[in-house]
Every structure is written in C-alpha cells, then in structure tokens.
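The values are calculated or read from the model by the stated rules, or taken from the named source; none is laboratory data. In this text the structure is predicted, and so the values were computed from the model without any measurement. Reconstructed Cβ throughout: ideal geometry from the backbone, glycine too, with neighbour counts over all protein chains shown. Just so you know, the surface numbers come from the protein's heavy atoms only, side chains and all, with ligands and any DNA or RNA stripped out. Shrake-Rupley method; radii C 1.70, N 1.55, O 1.52, S 1.80 Å.
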Amino acid sequence: MCKLMKGFIIKIVSILVVLSAISCSEDTIDLEGLGFVKGSVVKVGTNEPLENVKISTNPGTSTVFTNAEGVYILENVPAGDYSLSAQREGLLAVFEGITVIADSEVEVVFEMDVETAGNRSPDAPTLLTPTDNAIDVPVDLELVWSANDPDVDDTLKFTVTLRNEDNDAIEVFENITDTTYAITGLAYGTKYFWQVSSDDEVNDPVNSTTFAFTTAIPPNNRIVFTRLVEGNSVIYSADESGNTEIPLTATSKNSFRPRRNPTTGKIAFLQSVGSQTHLFTMNEDGSDLKQVTSQIGVSGFNLEEVDFSWDANGAKLLFPNQDKLYSINTTGSGLNLVYQTTNGNLITEVDKNESNGMIVIKTNDLDGYTVEILIINTSGDVQNTVLTGLAGAAGGIDMSVDGSQLVYTRDVSGLQNTTYRRLDSHIFIYNFSGNTTIDVSVNKPSGTNDLDARFSPNEASIIYMNTSNDGISAKAIQTISLADLETRTTLLENAAMPDWE
C-alpha cells in the first residue's frame with residue numbers, strides 16, 4: 001500500500017512540473033535572435049531633420065549616421081537591453097534606453113538641441129569708476145566695471161560705448177577682455193555718457209546701466225607749440241612752467257604755427273590740406289575745429305617760415321600768399337587784399353598791433369634772402385623800414401603790446417645758400433622811439449640758432465626756440481629774462497614754434 005501511494009505522489013509531482021514548465025514557456029521573451037532599430041533625428045522646436053548624426057548602441061553592436069532626411073536604421077542587432085545614443089558636433093548628445101526583441105523592430109525618434117542650449121546669459125555689468133555724475137574727471141582716465149557669468153566656464157568679452165552731449169558722435173570699443181579700459185584725449189569741460197555690454201558669445205549681449213561724468217575744465221595753458229609725432233607736426237599747449245602738456249590736434253594731420261587769441265579763447269594755426277596749406281581755428285582745448293581759408297590758401301617760399309596774425313581783436317586773420325597780404329574773417333567770409341609787394345618779393349611773415357593799427361611784414365626773395373622788415377598801415381602804405389640791405393636770413397617778428405618795440409631774429413653770419421641753413425641766428429629787439437637795436441642772444445651757445453622769438457605776455461622775457469645749426473638736431477623752447485640776458489631757461493624739450501599770450 002505504501003509503495004502504491006509513493007508512486008502515485010511521484011506521478012502527480014512530475015505532471016505539475018511539466019505543466020509549470022509549459023506555463024512559463026508561454027510567458028518568457030526569447031532573448032536569442034536578431035532585431036533592428038530605426039527612427040529619425042530632428043532639431044528641437046522646429047523638427048528640422050538632422051543629417052550626419054552618429055547613432056550607436058552601448059554595449060556596442062553597430063554604428064550608423066542619419067541621412068539627409070534625418071533617418072537611420074540599425075540592422076541585425078542582437079536581442080537585449082541597450083543604451084542608444086545620438087551624437088553630432090555642436091549638438092547636445094542624447095541617450096535612450098531600449099530593448100531589442102528578436103525578429104522585431106524598435107523605433108526611436110531623437111530630438112537634439114545645440115550644445116549651448118542650457119547656457120545662461122551673463123549678468124549685467126556693474127559700472128564702478130567713474131561713478132555716476134562724477135565731476136572734474138581727468139581727460140585721460142580708466143573706466144572700471146565688474147561682471148559675472150553664472151556659467152563659470154564662459155569667457156566674457158566687453159564692449160564700451162562712449163558719447164557726449166555736445167554732438168552725435170558715438171565711440172565704440174570692442175573685444176575687451178578685462179574689466180578696465182583706458183580712455184585718453186577726452187575734451188575738457190564736457191559731459192560724457194558710458195555703458196558696458198557683456199557678451200558670452202552664446203547668448204545676446206547684456207547691457208549695463210548708463211553712467212554720466214563731466215571732465216575737468218581746461219587748465220590755464222598759455223603756451224602753445226608744435227612737436228613732431230609720427231611724421232606730422234602736432235600742436236600742444238603747456239602751462240608757463242612747461243608742464244601739463246596737452247595735445248590739441250590729431251597726429252594724422254600736419255598742423256603747425258599756432259597763434260593764441262586770449263580775447264576769443266581761440267587758437268589759429270596752419271594745417272596741410274592735400275597739396276595746400278590753410279588757416280584753421282579751434283578752441284583752446286582743441287575742440288570746435290574750423291577751416292577758415294578755402295579759395296586762397298597760405299603760401300610762401302618755405303612753409304616752416306610762413307607766419308600770420310590775428311586782427312580786429314580776433315574777428316579777422318591776416319595771412320600771406322606769395323607777394324600778397326590778405327585779411328579774412330574767421331568765419332571764412334570777407335577775403336580782402338591788404339598789400340602787395342612792388343618788387344615781386346614774397347611776404348613770409350606778418351604781425352598786427354591792435355593798439356596803433358600798424359602792421360609789420362617780413363619780405364624776402366624766392367630763396368628767403370634779400371630780407372626787408374617793413375611797417376605798413378591798414379591802407380598798405382609803408383611807414384617805416386626796420387631792416388634792409390643785410391645778407392642772411394631773418395624773421396620771427398613780433399610787436400610789443402604798445403607797438404613801441406619789435407622782436408625779430410637774424411643770422412649774423414650772413415650765410416646764404418640753397419638749403420636755407422642758418423649758422424648764427426640771434427634775437428634782436430628794435431625800439432621804434434630811438435631806432436636802436438639790442439642783441440638779446442649774448443649768451444647763446446656756439447653752433448646754435450635762436451629762432452621764432454616772441455614777447456612773453458608781460459613782456460619781461462622772450463620765448464624762443466634754440467637748436468643746433470646742423471638743422472637736424474633736437475629743438476628746445478627756452479626763455480630769456482630781459483633783466484638778465486645771461487640766463488637761459490629751457491621750458492620744453494623736442495618742441496618748436498612757440499607762442500605765449
């Protein structure tokens with residue numbers, strides 16, 4: 001009985017095991033065999049098909065690239081679980097978990113975005129220096145700001161925009177990599193507005209607020225002079241100690257022979273315009289540049305020797321053109337012939353005395369010699385002859401305020417040559433009352449020339465240029481006190497054509 005029962009139980013268990021196995025085989029996926037994966041890749045937002053996107057599996061089985069329609073297909077992929085990836089340079093990689101079933105297809109559509117899609121915009125820059133509405137700001141200054149970007153790996157570039165309230169000009173300084181920027185040559189007494197934009201080269205640039213500042217008023221620079229810069233003559237101003245040098249004209253222009261007029265606060269000067277030379281005026285800080293002459297320019301045997309004069313308390317200018325002397329309003333109107341030489345000699349220099357209305361001119365031949373210094377009235381009649389009949393070069397004429405004296409220079413060596421070289425030029429003061437002449441250059445170093453002499457504003461000294469007579473050495477602007485002709489003081493190095501008003 002026991003043996004029968006034991007055999008029955010074994011049969012029952014065997015039947016249950018077979019039934020269980022049959023049941024499990026109906027519900028289990030066949031993990032053996034091959035399937036395939038297909039799909040497409042499009043751009044986020046626009047669904048634009050993306051070509052040449054690399055599609056691959058991990059674990060690796062095969063790799064393909066999307067076609068022009070953004071479609072891909074992976075064939076003969078062993079059944080199993082995979083990570084499917086889509087990758088292309090410049091786009092954010094995308095991953096998708098998939099299960100491949102034998103003899104079945106899996107379809108996956110990828111949406112891809114640019115790799116900077118998650119990049120955040122930089123913060124707006126914070127302006128630091130100069131502070132908003134600052135005053136008395138130097139015309140040469142450093143703009144300072146702070147900046148931040150939430151994406152620490154981003155590299156920021158900055159753009160500074162600068163404008164002023166006097167005109168519509170806007171200056172833009174780009175591709176700045178630091179949070180400071182040096183600005184030079186701003187106009188004095190002018191209100192400026194500045195703004196900084198921050199660019200991470202991913203998002204749109206972000207602008208700061210706009211700050212304002214006002215530059216300092218011009219210093220009391222009563223001396224003007226010229227200096228060669230990058231091959232051109234540039235006009236500068238300086239104070240009476242020879243300090244606080246300020247460039248007034250651009251290095252791209254050849255500007256020379258400055259003459260101040262304190263009454264109008266203007267400086268007149270000569271500037272090359274193509275093949276001609278014309279008169280210009282500007283404010284004492286170099287602003288408000290205006291061309292005065294146009295139809296007839298300034299000309300003579302040597303433009304470095306040519307000089308002109310203010311007239312009518314700053315309303316007019318007197319200037320030479322070959323053998324003729326003209327007057328013109330500073331507005332450019334009213335061109336008028338004042339005088340013409342009778343012997344064909346050229347008028348090279350002129351100075352007008354406002355106290356007595358007399359005009360002094362220097363004339364010379366085509367080579368710069370046969371010099372005459374004449375006094376004429378406003379009608380063009382010769383009133384007096386200061387210098388005539390002497391060999392050598394002469395010039396640098398300037399009348400005293402009351403018209404009683406005239407300062408000029410003359411090469412006492414009497415040398416005359418085709419290069420207009422001077423060997424021993426001295427400064428002289430001519431007194432009209434007694435027709436007497438004083439040699440001021442009593443302590444001039446040998447081998448040098450004193451040139452371009454002018455009275456100081458109080459007429460207690462003479463300002464002039466001293467340089468070697470070789471014609472190529474450095475030039476210096478010096479002064480001599482008329483109470484002590486032995487002492488010479490150098491005000492400015494590498495400087496020429498002084499004027500002190």
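Cross-link partners for residue 54 among the lysines, with Cα-Cα distance under 29 Å and sequence neighbours closer than 8 places in the same chain left out: 38, 43. Against the chain, whose longest principal axis is taken from its Cα atoms, helix 2-27 shows a tilt of about 30°. At q = 0.23 Å⁻¹, what is the base-10 log of I(q)/I(0) for the range 445-499 according to the Debye formula with one equal point scatterer per Cα and no solvent? Please give it to two decimals. Normalising to I(0) and taking log10 leaves -0.86. Rg/Rh, computed from the Cα trace of the range 197-294 with Rh as the Kirkwood radius, has the value 1.17.
Once C-alpha pairs closer than 8 Å and six or more residues apart are averaged by separation and normalised to the residue number of the range 22-168, the relative contact order reads 22 percent. Taking the average, over residues, of other Cβ atoms within 10 Å as the packing measure, peptides 83-90, 377-384, 459-466 rank 459-466, 83-90, 377-384 from highest down. Eigenvalues of the alpha-carbon gyration tensor of the chain, scaled by 5 and square-rooted, set the equivalent ellipsoid semi-axes at 94, 22, 20 angstrom, largest first. Modelled spin-label separation between residue 354 and residue 230, with each label point placed 7 Å from Cα along the Cα-to-Cβ direction: 3.6 nm. With the radius of gyration and the Kirkwood radius both derived from the Cα set of the range 339-429, what is their ratio Rg to Rh? Over the Cα atoms of the range 339-429, Rg/Rh equals 0.97.
Beyond 19 Å between alpha-carbons counts as too far, so tell me which of 253/290; 324/352; 266/290; 290/316; 157/191 fall in that bin. Beyond 19 Å: 157/191.
Round to a whole angstrom and tell me the spacing of the C-alpha centers of the range 117-195 and the range 361-437. For the range 117-195 versus the range 361-437, the Cα centre distance is 55 Å.
For residue 83 and residue 166, the difference between the fully extended length at 0.36 nm per residue and the C-alpha to C-alpha distance is 23.3 nm. Mean projected area of the Cα convex hull of the range 262-393, taken over all directions, amounts to 8.3 nm². Length, then width, then depth: along the principal axes, the Cα atoms of the range 40-87 run 33, 17, 14 Å. Each label point was placed 7 Å from the Cα along the Cα-to-Cβ direction; for residue 484 and residue 107 their separation is 10.5 nm. Estimated translational diffusion coefficient (Stokes-Einstein, Kirkwood radius over Cα pairs, 10 °C, 1.306 mPa s) of the range 127-259: 94 µm² per second.
Taking all protein chains into account, the per residue accessible area for the range 274-386 stands at 40 Å² (1.4 Å probe).
Remark: relative contact order (the range 84-193) = 21 percent; criterion is Cα-Cα distance under 8 angstrom and separation of 6 or more residues. Protein heavy-atom surface of the chain, 1.4 angstrom probe: 49% of the accessible area is carbon and sulfur, with nucleic acids and ligands not counted. In this simple spin-label model, placing a label point 7 Å from the Cα along the Cα-to-Cβ direction at both residue 38 and residue 438 gives a separation of 11.2 nm. Within the shell of other residues whose beta carbon sits under 12 angstrom from the beta carbon of residue 471, the net charge comes to +1, with Lys and Arg scored +1 and Asp and Glu -1. The helix-only estimate of mean residue ellipticity at 222 nm for the chain, built from DSSP H runs of length n ≥ 4 each weighted as -39500 (n - 2.57), is -2000 deg cm²/dmol after division by the residue total.
Shape class for the range 378-501: oblate, because the ratio a/c of the largest to smallest gyration tensor axis (alpha-carbon atoms, square roots of eigenvalues) is 1.5 or more and b/c is at least a/b.
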